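Below: one structure, written as structure tokens.
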Amino acid sequence: MKYQLQLVFKSQKFVTGFVIFAAVFLLILFYPLLVTKNPLEMTGGLFYKPGTYVSVTDAVDTQSYKINKDVVTGKLTKSVTAEEQQLMRDWLLNYCPEVKPEEVSDAKKAYDIIELWLQYYDKTVEMEGATKAVKNQYVRLYDKVENILESEGYIVSRKNAETGEMEEVAAIETKEFVNVKDIPNRVTFPLGTDNFGRDVLTELVAATRTSLKIGLLAGTVATAIGLTLGLLAGYVGGMIDNVITFITNMFTVIPSFIILILIASGLGQAGRGAMLVAVVIGFTSWPWTCRSVRAQTISLRNRDHVNLSKLSGHSLPRIVLTDILPYVASYVVMAYILQIASGILSEAQLSMIGLGPSTNKVATLGLMMNWAMQFQAPLSGAWWAFIPVVLSIAMISFSLNLMNTGLDQVFNPQLRE
Amino acid sequence: MAKSNEIFLGGKGVTKVYGFGDKKTVAVNKVDFEFHKGEIVSIVGESGSGKTTLAKMLLGLHSVTAGEIYYNGELRDIRSPRKKRAYWKGIQAIFQDPFSSFNVFNRIDTLLLDCINMRGQKNLPYDKKVELMTQACGFVNLKFAELTRKYPFELSGGQMQRLMIARIFLLKPRILIADEPTSMIDACSRATILDMLLKLRDEIDMTIIFITHDIGLAYYVSDSVYIMEHGIFVERNTADEVILHPKADYTKRLIKDVPKIYEEWDLSTV
Ligand SMILES: Nc1ncnc2c1ncn2[C@@H]1O[C@H](COP(=O)(O)OP(=O)(O)OP(=O)(O)O)[C@@H](O)[C@H]1O
Ligand SMILES: [Mg+2]
């Protein structure tokens with residue numbers, strides 16, 4: 001046993017898979033200890049992008065510092081969009097009589113092109129062939145940029161609660177900064193928010209945890225049923241074998257995913273708790289474990305060590321447990337790992353077609369995908385709502401499969417290259 | 001050698017067919033036999049003649065396709081698990097391939113302790129059990145102190161076979177079916193091992209059914225010899241008769257294949 005474990009941990013594939021899995025596992029274990037908020041709490045709004053959000057009024061109230069920095073360049077680059085820069089480029093090339101084309105092509109950076117445009121732009125220049133709307137667009141763009149350049153800062157005023165008059169509270173200059181740490185109200189969404197305005201990272205950790213639980217439960221149920229029936233059918237044989245083989249074959253003819261869909265929809269929206277879904281998944285995926293355990297048991301039951309055990313007067317359960325089970329154990333462990341992975345994938349598939357766990361108390365990886373798709377996250381460019389979920393599913397399933405391959409190479413040395 | 005006329009284990013028309021249709025193999029074909037109490041019987045035949053199959057049927061590990069087996073003067077009845085277990089109290093075996101005879105997950109101690117438990121000495125204090133195990137190992141020239149806590153795959157093939165004999169020593173069955181018990185043992189120790197079996201037979205008045213492909217060995221140990229060819233007994237008689245006046249062609253061929261059969265018997269050459 002100890003020797004086998006040593007052998008297993010010598011396999012690079014297994015160790016890689018194990019490390020990835022352990023990392024995921026430690027994350028879902030320790031993250032909730034550090035971030036104690038409810039993963040389903042709706043803190044933000046629809047698809048806020050990743051980042052730290054600070055309260056604007058807090059920023060006004062917070063003590064400010066003068067910092068000598070060219071704020072205009074930064075602001076210009078940030079607030080003049082790529083399309084607007086393209087508009088400027090178009091104007092310079094098409095309507096401007098004075099500018100040389102090399103000058104335009106030399107201006108690569110956002111600030112350079114803005115500067116060049118400001119230098120030459122004149123609203124009185126005749127724009128031949130341009131519609132009124134296009135002309136107005138340029139005027140508005142000029143005003144906007146002008147405002148940024150001229151900005152003297154802001155006067156902040158507040159309505160007096162008694163008199164109803166506006167009173168000046170603060171004057172903010174352009175070079176005034178506040179320290180983000182001083183602002184009491186800050187929210188960080190490292191992976192943005194989802195369609196319900198929940199913090200995606202916290203939700204993802206909770207979902208991974210639930211999905212792993214589902215996979216573990218589904219894998220355990222499937223392996224337990226498959227192992228028990230496989231051993232029984234293989235060792236006892238006869239009528240019991242016929243019945244079990246018949247059931248297994250039935251499951252083979254009807255794809256288990258179809259059965260899964262039927263049961264899941266039969267349970268109804270209200271009846272599908274996460275753990276029940278896991279049990280249902282496990283209940284539909286045992287046949288292949290059963291079939292291979294049965295095949296291995298049949299090849300073992302006529303071995304002489306089993307015969308010797310019989311001659312020693314051992315009972316049937318004892319023979320199955322001590323003379324058959326240890327010989328199939330390594331295989332069963334590998335099958336178990338695959339069952340966990342496929343349990344997680346099954347849940348995701350089920351949830352994607354709307355038959356996953358219905359409870360709004362937990363998130364699962366599949367449900368997160370489902371929500372992201374329903375609210376068209378890909379269309380709104382909200383990659384953070386689904387890419388991390390896809391990556392989590394891929395990583396867990398990759399690590400489990402890697403572990404399985406590693407084990408396979410240790411236990412079936414003929415497969416080694 | 002102790003031998004009575006009582007038929008201890010007998011068979012009439014015992015047949016074993018493996019597979020169906022095209023793949024049908026008749027491994028044992030309508031054989032009759034009578035083994036007497038205290039006798040050493042050899043079943044001799046070349047590879048694939050059905051010796052192991054017959055042995056498994058005698059042991060009740062394989063079902064009998066046709067025919068009857070008699071045990072202790074009555075038709076053998078091992079239909080229920082309980083009756084089977086009772087049957088196995090009296091009949092034991094040493095299997096042909098020592099490497100597959102052991103559960104590789106159990107220590108050697110487990111195997112030997114099982115035998116002691118089976119003798120009904122489960123409640124013996126542990127040092128008494130160790131004493132018994134040491135004695136059994138000593139009987140086959142093994143040192144229990146060296147074997148204890150070891151796993152079967154840490155032993156050599158010959159050590160495994162000797163351990164199997166030690167197991168028989170502990171169990172003291174009334175019938176032993178030994179399927180080529182010395183196949184892994186070098187020629188010198190082979191004689192020793194056979195002598196051990198013979199000594200054991202004398203000690204506990206055991207009936208031994210000795211399976212071998214080596215007619216010389218059969219002659220050396222047995223009272224009567226059955227010659228098996230393609231699942232059929234082509235000749236059965238006392239050892240002397242079979243060797244000195246063989247009737248079947250097959251027997252003659254077997255004898256011819258053994259060099260120096262009529263000369264002074266030298267075990268180290270077989
Ligand atoms: N489980 C089985 N299924 C099908 N055929 C079998 C099985 N066991 C044995 N046979 C066939 O039965 C025949 C007799 O085999 P058996 O093992 O009894 O021979 P044997 O005399 O013991 O040979 P050896 O000296 O090599 O051990 C062989 O042709 C073999 O192929
Ligand atoms: Mg054989």
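When the residues of the stretch A:92-108 are filtered to those that are in a loop (DSSP other than H, G, I, E, B) and touching a residue at least 24 places away in the same chain (Cβ under 8 Å), the one that is farthest from residue A:80 (Cα to Cα) is A:97.
There is at least one residue in the stretch A:99-107 that is under 23 Å from residue A:148 (Cα atoms), crowded, with 16+ Cβ neighbours inside 10 Å, among the small types (Gly, Ala, Ser) and in the same structural domain as residue A:180 (by TED's automatic domain parsing). The C-beta contact set for the stretch B:23-40 (first residue within 14 Å of chain A (Cβ to nearest Cβ), second residue within 16 Å of ligand 2 (Cβ to nearest atom) and assigned to a strand (DSSP E or B), distance under 9 angstrom, 6+ apart or interchain) comprises B:27/B:16; B:27/B:18.
Looking only at the stretch A:1-38, which residues are aromatic (Phe, Trp, Tyr), free of Cβ contacts under 8 Å to residues at least 40 places away in the same chain and assigned to a helix (DSSP H, G or I)?
Of all residues in the stretch A:1-38, those aromatic (Phe, Trp, Tyr) come to A:3, A:9, A:14, A:18, A:21, A:25, A:30-31.
From what's left, free of Cβ contacts under 8 Å to residues at least 40 places away in the same chain: A:3, A:9, A:30.
Listed by number, the residues that qualify are A:3, A:30.
Cβ separations smaller than 8 Å between residues 6+ apart or across chains give the following pairs from the stretch B:98-112 residues that are part of a helix (DSSP H, G or I) to residues that are surrounded by fewer than 18 Cβ atoms within 10 Å (Cβ to Cβ) and of a type in the set (Phe, Trp, Tyr): B:108/B:151. Taken over the stretch B:184-200, the criterion of being within 12 Å of the chain's Cα centre (by Cα) and either modelled with pLDDT of 90 or more or closer than 24 Å to residue B:114 by Cβ (or both) is satisfied by B:197 alone. Taking the numbered list (1) within 16 Å of ligand 2 (Cβ to nearest atom); (2) part of a strand (DSSP E or B) in turn, residue B:69 passes all entries but (1). Might you let me know whether the stretch A:226-234 holds any residue that is under 35 Å from the mean Cα position of the chain (by Cα) and in a helix (DSSP H, G or I)? There is at least one residue in the stretch A:226-234 that is under 35 Å from the mean Cα position of the chain (by Cα) and in a helix (DSSP H, G or I). Kindly indicate whether residue A:112 is surrounded by 13 or more Cβ atoms within 10 Å (Cβ to Cβ), among the charged types (D, E, K, R) and closer than 30 Å to residue A:126 by Cα. Here the answer is yes, as residue A:112 does meet what is asked.
State all residues of the stretch A:309-324 that are small (Gly, Ala, Ser) and either in a helix (DSSP H, G or I) or more than 10 Å from chain B (Cβ to nearest Cβ) (or both); if no residue qualifies, say none.
A:309
Out of the residues in the stretch B:90-113 that are among the polar types (S, T, N, Q) and either more than 10 Å from every other protein chain (Cβ to nearest Cβ) or touching a strand residue (DSSP E or B) at 6+ places or on another chain (Cβ under 6 Å) (or both), which is surrounded by the most Cβ atoms within 10 Å (Cβ to Cβ)? The residue in question is B:92. When residue B:216 is tested against the conditions (1) at pLDDT 85 or above; (2) within 16 Å of ligand 1 (Cβ to nearest atom), the lone failure is (1). Only a single item in (1) more than 14 Å from every other protein chain (Cβ to nearest Cβ); (2) modelled with pLDDT under 90 is not met by residue B:128, and it is number (2).
The set of residues from the stretch A:293-308 being at the interface with chain B (Cβ under 7 Å from one of its Cβ atoms) and assigned to a helix (DSSP H, G or I) comprises A:304, A:305, A:307, A:308. Among the residues of the stretch A:121-137, those identified as more than 15 Å from residue A:90 (Cβ to Cβ) and among the acidic types (Asp, Glu) are A:122, A:126. The condition of being at pLDDT 85 or above and touching a Leu at 6+ places or on another chain (Cβ under 7 Å) holds for only one of B:228, B:206, that being B:206. If a residue has to be under 23 Å from residue A:152 (Cα atoms), exposed (fewer than 14 other Cβ atoms within 10 Å of the Cβ) and either among the β-branched types (Val, Ile, Thr) or touching a strand residue (DSSP E or B) at 6+ places or on another chain (Cβ under 9 Å) (or both) to count, how many in the stretch A:43-86 make the cut? Residues in the stretch A:43-86 being under 23 Å from residue A:152 (Cα atoms), exposed (fewer than 14 other Cβ atoms within 10 Å of the Cβ) and either among the β-branched types (Val, Ile, Thr) or touching a strand residue (DSSP E or B) at 6+ places or on another chain (Cβ under 9 Å) (or both): 9 in total.
Checking each residue in the stretch B:151-173 for being closer than 12 Å to residue B:112 by Cα and in contact with a Lys or Arg (Cβ under 8 Å, 6 or more places away or on another chain) picks out B:170, B:171.
Scan the stretch B:68-89 and tell me whether some residue there is in contact (Cβ under 8 Å) with a residue 40 or more places away in the chain and either within 14 Å of chain A (Cβ to nearest Cβ) or under 26 Å from residue B:163 (Cα atoms) (or both). Within the stretch B:68-89, one or more residues are in contact (Cβ under 8 Å) with a residue 40 or more places away in the chain and either within 14 Å of chain A (Cβ to nearest Cβ) or under 26 Å from residue B:163 (Cα atoms) (or both). Residues in the stretch B:46-66 that are hydroxyl-bearing (Ser, Thr, Tyr) and either part of a loop (DSSP other than H, G, I, E, B) or more than 14 Å from chain A (Cβ to nearest Cβ) (or both): B:47, B:49, B:63, B:65. Consider the stretch B:30-60 and keep the residues that are surrounded by fewer than 19 Cβ atoms within 10 Å (Cβ to Cβ) and farther than 15 Å from residue B:209 by Cα. The one that is farthest from ligand 1 (Cβ to nearest atom) is B:30. Note on the stretch B:207-232: among residues that are of a type in the set (Phe, Trp, Tyr) and within 16 Å of ligand 2 (Cβ to nearest atom), the one that is nearest to the other protein chains (Cβ to nearest Cβ) is B:210.
The values are calculated or read from the model by the stated rules, or taken from the named source; none is laboratory data. What you see is a predicted model; the values in this text were computed from it and never measured. Glycine also receives a Cβ, built like all others from the backbone with ideal geometry; neighbour counts cover every protein chain displayed.
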